[in-house]
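One structure below.
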Amino acid sequence: MAVLGPEVCFHGYDSLITQCMGLGALREGQRVHAHMIKTHYHPNVYLETRLLIMYVKCGSLRDARMVLDVMPRRSIVSWTAMISGYSQSGLHFEGLDLFLQMLKIGMKPNEYTFATVLTSCTGPFGLENGIQIHSLALKSNFDTHIFVGSSLLDMYAKSGKIHEAHRIFDMLPERDVVSGTAIISGYAQLGLDEEALDLFRKLFNDGMECNYVTFASLLTALSGLAALNYGRQVHGLVVRREVPFYVVLQNSLIDMYSKCGNVAYSRRIFDSMPERTTISWNAMLVGYGKHGLGHEVVKLFKSMNMVKPDGVTYMAVLTGCSHSGLVDEGLDIFESMLDEKSVKPDIEHYGCVVDLLGRAGRIEKAFNFILDMPFEPTPAIWGSLLSACRLHANVHIGEFVFQRLLDLEPENAGSYVILSNIYANAGRWEDVLKVRQLMKEKTVTKEPGRSWIDLDKTVHTFHSGDRTHPQKEEINAKVMELFVKIKEAGYVPDLSCVLHDVDDEQKERILLGHSEKLAIAFGMMHTSYNGTIRIVKNLRICVDCHNFAKFVSKVCGRELSLRDKNRFHLVVGGSCSCGDYW
DNA sequence: TTAGGGTTAG
């Protein structure tokens, strides 16, 4: 850094500011600024703006704002740079407020300003403001500018308005890697994984440029689909194209491999990384957790010496402990959160503890824990306790919990099914009927169940009672064949999983049409004897299908890997890695 | 001088 002499000229200051900006050297920057004041040097608009940008880049928004506030004449660049600073720090409200002030004094935003301010239009009131800014951009003819356009489409996608986002994308007079990635990731972030993959294929075939961000977004969609074959292909493509393995991309690969069932490969990538962020650790912890490898979760977490855990880390660790029955370890870690205070536990963390206690059969303790929480219990928390009541046959608390769920979300079919399981387990068939009646009275909705299997570079999807599949007859015959075989080995269909008001024979038929069973049968038909059959389900796996899979694994000597909404179930020799709790 | 897309959880 140059020495500040008694007299520094414009070029001297400019060059010093540039150096500070490049190095992110805030204190040096402040010295340069102080020198100007001390020597009564009056910077022009350009130099003042440079000072402001330097402060933004060095992370001191307070200093930047001070410069802006004392500027006698503010340039559009200074307004935009300040809004950008707020936006990058997540201070969206401040960014929007400044934008409004700018409009109020008659300053006209340019394409830079629009592209920036639109990134602040997130959160509950984000879209409301965003739509108004969109119409302003339209009036000033900036809406089809490539940067403004990609900001706009990203804003709509993040607000769930994916059709509007796609419309804007289609209208862009030119597209590039950022706008293409924005729309793909928009679909992926909404869980519209197939759409994301289809769009990627189309754009890729049209010759779209791809970079590490594009591939990271695409891998998110492949994680969602558990499409291991595609995932491997994309990994290969990344290597062949010599796309730089930035941390973000490696994190996506860790996530993709573990969610596609190959957690050992995730660990290889994790171990090979020259530098890791908290997200790398989180992705690895989540991977172990989903596979029920709780001891690995705790071990890895305890080795996080140089990296600061965040809220997601604790979620991953507590969920991992819960899924593996490491109750005391989980409770200790939750206690440490309360003691250390570096990460304040939120309601999700409390929910993990309810799950931990419930799984261990400490139902009353879990119940009291909910009542003592500093938060209002959510349906998810009551739902977790209801599952525990089913596992540990606690009808008394189960009924109470069901009432709470009935108040909070009467339309959720899941709660009715679990209560019905609880009653059936206790042999209270009249109450099973009552639940069914209750369900009829309320308009209960259920997200349609879907299962899929990734075979021969194609994702085969099945719906419950699927009548559209070209091989439906062979598949149904295979399901029946398996059914007969496992029945001999002691499988009894769990009719309490069906809440339709039909006779038992019909219930059996409905159960046999569940998408998981169709996918299992299809997998049995198309894989070699030794291979693991990998099935994915969009919801939680039902009790009967879980049981079906266990019998199939035993009777047919096959290994099944079932990924449901929450975790993997590795089913081998008649038992499941989840220990029948999920 | 100022600008857009990204990875973990839910």
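Only strands (runs of 3 or more DSSP E) whose full extent lies in segment A:481-582 are considered here, and the ones with at least 2 residues that are closer than 14 Å to A:Trp452 by Cα and in contact with a helix residue (DSSP H, G or I) (Cβ under 9 Å, 6 or more places away or on another chain) are A:533-537, A:560-563.
Scanning segment A:153-174 for residues that are near DNA strand B (Cβ under 9 Å from one of its atoms) and either in a helix (DSSP H, G or I) or surrounded by 19 or more Cβ atoms within 10 Å (Cβ to Cβ) (or both) returns A:Leu153, A:Asp154, A:Met155, A:Ala157, A:Lys158, A:Leu172. Please determine whether any residue of segment A:483-491 is modelled with pLDDT of 90 or more, among the acidic types (Asp, Glu), within 27 Å of the chain's Cα centre (by Cα) and at negative phi. No, segment A:483-491 contains no residue that is modelled with pLDDT of 90 or more, among the acidic types (Asp, Glu), within 27 Å of the chain's Cα centre (by Cα) and at negative phi. State whether one or more residues within segment A:220-236 are assigned to a helix (DSSP H, G or I) and within 7 Å of DNA strand B (Cβ to nearest atom). Looking through segment A:220-236, at least one residue is assigned to a helix (DSSP H, G or I) and within 7 Å of DNA strand B (Cβ to nearest atom).
Condition test on A:Val239, is it among the β-branched types (Val, Ile, Thr) and either farther than 20 Å from A:Arg534 by Cβ or near DNA strand B (Cβ under 9 Å from one of its atoms) (or both)? Even if it seems obvious, please write down each step before you answer.
Working: among the β-branched types (Val, Ile, Thr): yes; either farther than 20 Å from A:Arg534 by Cβ or near DNA strand B (Cβ under 9 Å from one of its atoms) (or both): yes.
Yes: the conditions hold for A:Val239.
Taking segment A:302-331 as the range and being in a helix (DSSP H, G or I) and aliphatic (A, V, I, L, M) as the test, the residues that pass are A:Val312, A:Met315, A:Ala316, A:Val317, A:Leu318, A:Val327, A:Leu331.
Quick check, is A:Leu338 surrounded by fewer than 23 Cβ atoms within 10 Å (Cβ to Cβ), of a type in the set (A, V, I, L, M), at pLDDT below 95 and within 22 Å of A:Lys565 (Cα to Cα)?
Criteria not met by A:Leu338.
The single condition from (1) within 30 Å of A:Arg450 (Cα to Cα); (2) within 7 Å of DNA strand B (Cβ to nearest atom); (3) surrounded by fewer than 18 Cβ atoms within 10 Å (Cβ to Cβ); (4) of a type outside the set (Ser, Thr, Tyr) that A:Asn251 fails is (3). Checked against the criterion of being under 30 Å from A:Asn141 (Cα atoms) and in contact with a Cys (Cβ under 8 Å, 6 or more places away or on another chain), segment A:204-213 contains one or more residues that satisfy it. The residues of segment A:44-65 that are surrounded by 15 or more Cβ atoms within 10 Å (Cβ to Cβ) and more than 11 Å from DNA strand B (Cβ to nearest atom), listed by number, are A:Tyr55, A:Cys58, A:Ser60, A:Leu61, A:Asp63, A:Ala64, A:Arg65. Residues in segment A:525-562 that are closer than 22 Å to A:Arg359 by Cα, buried (at least 23 other Cβ atoms within 10 Å of the Cβ) and within 16 Å of DNA strand B (Cβ to nearest atom): A:Ile541 only.
Here A:Ser15, A:Ser78 are screened, and the one residue that is without any contact (Cβ under 8 Å) to a residue 60 or more places away in the chain, surrounded by fewer than 16 Cβ atoms within 10 Å (Cβ to Cβ) and among the small types (Gly, Ala, Ser) is A:Ser15. Against the condition within 12 Å of DNA strand B (Cβ to nearest atom) and closer than 20 Å to A:Pro274 by Cα, how does A:Ser217 come out, does it pass? No: the conditions fail for A:Ser217. When the helices (runs of 4 or more DSSP H) confined to segment A:1-116 are screened for residues that are under 36 Å from the mean Cα position of the chain (by Cα), farther than 25 Å from A:Ser140 by Cα and among the aliphatic types (A, V, I, L, M), those reaching at least 3 such residues are found at A:45-57.
Has segment A:198-205 got any residue that is surrounded by fewer than 24 Cβ atoms within 10 Å (Cβ to Cβ), aromatic (Phe, Trp, Tyr), assigned to a helix (DSSP H, G or I) and within 7 Å of DNA strand B (Cβ to nearest atom)? For segment A:198-205, residues surrounded by fewer than 24 Cβ atoms within 10 Å (Cβ to Cβ), aromatic (Phe, Trp, Tyr), assigned to a helix (DSSP H, G or I) and within 7 Å of DNA strand B (Cβ to nearest atom): absent. I'm trying to understand the selection: among the residues of segment A:133-147, which are touching a residue at least 12 places away in the same chain (Cβ under 8 Å), in a helix (DSSP H, G or I) and more than 7 Å from DNA strand B (Cβ to nearest atom)? Answer for segment A:133-147, where residues must be touching a residue at least 12 places away in the same chain (Cβ under 8 Å), in a helix (DSSP H, G or I) and more than 7 Å from DNA strand B (Cβ to nearest atom): A:Ile133, A:His134, A:Leu136, A:Ala137. In segment A:118-132, what residues are more than 9 Å from DNA strand B (Cβ to nearest atom), crowded, with 20+ Cβ neighbours inside 10 Å and either part of a helix (DSSP H, G or I) or among the aromatic types (Phe, Trp, Tyr) (or both)? Result: A:Ser120, A:Asn129, A:Gly130. Cβ-Cβ contacts under 8 Å between residues 6 or more apart (or on different chains), taken from a first residue in segment A:325-339 that is closer than 19 Å to A:Lys290 by Cα to a second residue that is surrounded by fewer than 17 Cβ atoms within 10 Å (Cβ to Cβ) and not basic (Lys, Arg), are listed as A:Gly325/A:Gly579; A:Leu326/A:His295.
For segment A:175-187, what are the residues that are more than 6 Å from DNA strand B (Cβ to nearest atom) and closer than 17 Å to A:Leu218 by Cα? Within segment A:175-187, A:Gly180, A:Ile183, A:Ile184, A:Gly186, A:Tyr187 qualify.
Yes or no, residue by residue, for (1) within 16 Å of DNA strand B (Cβ to nearest atom); (2) surrounded by fewer than 16 Cβ atoms within 10 Å (Cβ to Cβ):
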residue: A:Pro377; (1), (2): yes, no
residue: A:Ile381; (1), (2): yes, no
residue: A:Leu385; (1), (2): yes, no
residue: A:Arg390; (1), (2): no, no
residue: A:Asn394; (1), (2): no, no
residue: A:Ile397; (1), (2): no, no
residue: A:Gln403; (1), (2): no, yes
residue: A:Glu411; (1), (2): no, yes
residue: A:Val417; (1), (2): no, no
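Criterion applied to A:His323, A:His295 was being touching a helix residue (DSSP H, G or I) at 6+ places or on another chain (Cβ under 8 Å) and surrounded by fewer than 22 Cβ atoms within 10 Å (Cβ to Cβ), and the one residue passing it is A:His295.
Reported count of residues in segment A:254-277, each being within 11 Å of DNA strand B (Cβ to nearest atom), within 19 Å of the chain's Cα centre (by Cα) and not in a helix (DSSP H, G or I), is 1.
The values are calculated or read from the model by the stated rules, or taken from the named source; none is laboratory data. Quantities reported herein were computed from a predicted structural model and do not represent experimental measurements. Please note: Cβ atoms are built from the backbone with ideal geometry, for glycine as well, and neighbour counts cover all protein chains shown.
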